[in-house]
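Inspection log for the structure reproduced underneath, given as structure tokens.
The values are calculated or read from the model by the stated rules, or taken from the named source; none is laboratory data. Just so we're clear, the structure is a prediction, and the values are computed from it rather than from any experiment. Neighbour counts are summed over all protein chains in view; Cβ atoms, including those assigned to glycine, are modelled from backbone coordinates with ideal geometry. Heavy atoms of the whole protein, side chains included, go into the accessibility calculation; ligands, DNA and RNA do not. Shrake-Rupley method; radii C 1.70, N 1.55, O 1.52, S 1.80 Å.
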Amino acid sequence: MNHMKHLIPINRKAARIVAAAAPPAGDVVALQQGSGPPQQPEGPHIPLGCSLAFQPGWEADRNGGTAGLCQPVERDLFDCHLGCYWPAHVPDQLNHAPDWTSKCAAAQKDWRKIDLIFP
Amino acid sequence: MRLLPLMSAVRRLLTGAALTLAVTAPALAGAQPAADAADSGIPIADEAVRQACGSCHRADDQGRLSRISFRRTTPEGWQQTIRRMVMLNEVAITPEVAREVVRYLANNLGLAPEEAIPAAFEAERRTDDQPYEDADVHQTCTTCHSMGRIMSQRRTAEEWRLVTAMHQGYYPFTDFQAFRRSGESDEPQPVDYAVTHLTERFPLDSPEWSAWSATMRPPRIAGTWALTGHAPGLGAVHGQVTIAALPGADDEFTTQTRYVYARTGRQVERTGRAVVYTGFQWRGRSFEGAAEATAADPDGLREVMFVDRDWQAMRGRWFTGGYDEIGLDVALSRVGAAPLVTGVYPAAVQVGQTASLQLHGGNLATAVAGDLDLGPGLEVLRLSSASPDLVTAEIRVGADAAVGRRDLYLGQAALADALTVYDTVSRIAVTPDAGMARVGGVRVPKQFQQFEARAFHDGPDGEAETADDLDLGLVDVTWTVEEYATTFGDDDRRYVGAIDGQGRFTPAEDGPNVERSGNRNNVGDVWVVGTYAGSEGPLRARAHLLVTVPNYLRWDPTAVERP
């Protein structure tokens, strides 16, 4: 962006473009894949043990963080439910909870009606 | 959705999958033992089990029930199966009968101690890293669930095959997600490789089980036990558990427990009840200040412990929480006729200082100062008090005492590495170094994450994180949450939640947050930073914390302890 140093943004949209192109203060982990020394020697990882947090994708994205998750989770929930996609995390429509969404037409609005299921 | 291109294709398949399942479930239950299992299989003699399970699981001429006789597992494993039969196969069974079935199966088709201990983390609900010997099998199975579920099972080859078929029937996506790879390859599919590995690694017949099932009996563990434990963030606990046999049952017990948090002096009394399965698997629940749930302690602490073969010790974890994430590691030592020292507080003393040392254990009332030997450089000035389970000693650490650990002797009682002598705090560390919390509090429980800061001396080599480092125990630090930048304009720190003065992180509420870009949940990545006021300036250490989305299923069985 050096060639832009003589240009001054005059409206908010232009200011946001300049801000977005500016190098961030400090380290940005997600931008460090494959170039330069990593911020953490061993990289972040998800604690395993007996928790259900195993497949990076539900709890964490492939970099071990939350930036790449489908968000908000409620937006995606019914798709997971219908497709049995995260069978250990989301009740599946096929067998465990066929009526899970009956009180809740759109999870993003009606998420307070979602039940926790004890299989 | 992470595999969007697959979704529509798979959804088209689902109707077909449902039809397949309708055939699969009864067919699996009635599957006859295959040739390789002809000489295996454990006959089921108990009439209640045969009544409860026999309408689907057919008996053969040797008294073996299909499927059931060809598998061994923990009480939790059997309970999970019964729950699945109730939920998905419409089994009608009362809680009382279900408990008897779990008890019979866990005792007669259970695990030997050598088999159960490596998988203890599953029943103890631990969330620290648990590596597994085969990375490919680990990957296949832990795409959805813990490897502990598998490590606590033993099956015939046919049974391992059938349990993967059960997964494919109930969760048709498993083929896409884990069981089969896309593209051409001469290598076996992941699911086939896993079945081969598990058949060899976790077979139904084992010398461990043959030996254990021959000698197994209900343990005679009534009596007084010294308790030591560690509650993350809160530090050492010391106390006593009195175990009494429940009249009329040889494997059920009641408990009276009292303990004190050494750092704060907070005292706790609990009343509990437990069943011991398979001669060594303690499953209990206790409540603070009462024998039952109260408003102050609605859930109690679940107790999962493993009794040593000599009936002199047991160890495990007591826990609670929406994700079983709050708890303490415990070890019980039987108090016999001889003096017993199980723990010391403080466990680290500084050179040139005097200290008041608490020695916890049993049969200590008659101890005198001359009995106490703390090793070179440590002088016992006097014993200021002595009761059966606690001795307080005033000690002086010489100015030239060597830095290092000391064994402790009190008369005939000994405790290795009881006390550490140090001169300065070299560094601190925050554990766990990677934590996880889940938003909650509105529709689903919060998952808390407890951190703690420990001080270390770098040891004689002066280098951090080498084998000679000395752990000096918990220290008080100032806790802060800092941004862990993963993207431009990262604002996670403002939303994810807060950490208290004891290092417990409380995540924010679940649900979309209209204040955040894209209505994101209150999820994010942050650093949790502890700052210790060292004598030569502040010492800092940090840990990564992932604050993430809830689980909408809660799998773990909660009734094997028979509340």
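Of the whole protein surface, B:Y532 contributes about 50 Å² of accessible area at a 1.4 Å probe radius. Taking the Cα centre of chain B as origin and assigning +1 to Lys and Arg Cβ atoms and -1 to Asp and Glu Cβ atoms, the resulting dipole is close to 1800 debye. Between the beta carbons of B:E187 and A:I10, assuming R0 = 56 Å, the FRET efficiency works out to 0.40 to the nearest 0.05. Summarising the label geometry, the points placed 7 Å from Cα in the beta-carbon direction at B:E465 and B:D46 lie 4.9 nm from one another.
Given axes a ≥ b ≥ c from the Cα gyration tensor, I'd like to know whether chain B is rounded (a/c under 1.5), prolate (a/b larger than b/c) or oblate. Note, shape of chain B comes out oblate. By the gyration tensor of its Cα atoms, with a ≥ b ≥ c the square roots of the eigenvalues, what is the shape of the protein assembly as shown: rounded for a/c under 1.5, prolate for a/b over b/c, or oblate? Oblate is the answer for the protein assembly as shown, as a/c is 1.5 or above yet b/c matches or exceeds a/b.
Of the solvent-accessible surface of chain B, computed with a 1.4 Å probe over protein heavy atoms with every protein chain present, carbon and sulfur atoms account for 51 percent. Distance distribution P(r), segment B:384-543, all Cα-Cα pairs, bin width 10 angstrom from 0: 9, 28, 25, 19, 12, 6, 1 percent. Which residues in segment B:139-169 have a backbone N closer than 13 Å to a point placed 7 Å from the Cα of B:V91 along the Cα-to-Cβ line? Flagged as within label range: none. Full extension of the segment from B:L246 to B:D134, taken as 0.36 nm per residue of separation minus the current Cα-Cα distance, would add 36.0 nm. Quick check: Cα centre of segment B:473-517 to Cα centre of segment B:537-551, how many Å? Their Cα centres are 8 Å away from one another.
A Förster radius of 30 Å, combined with the Cβ-Cβ distance separating A:K109 from B:R180, puts the computed FRET efficiency at roughly 0.20. Report the FRET efficiency, 1/(1 + (r/R0)^6), for A:R62 and B:T531, where r is their Cβ-Cβ distance and R0 is 51 Å, rounded to 0.05. Here the calculated transfer efficiency is 0.95.
For a paramagnetic label modelled on B:V514 (point 7 Å from Cα along Cα→Cβ), amide N atoms under 19 Å away belong, within segment B:409-450, to B:442-443. Remark: spin-label model distance B:R540-A:A21 equals 3.3 nm, labels positioned 7 Å along the Cα→Cβ axis. Max-minus-min Cα coordinates of segment B:333-430 on each principal axis give 41, 31, 18 Å, with the largest extent listed first.
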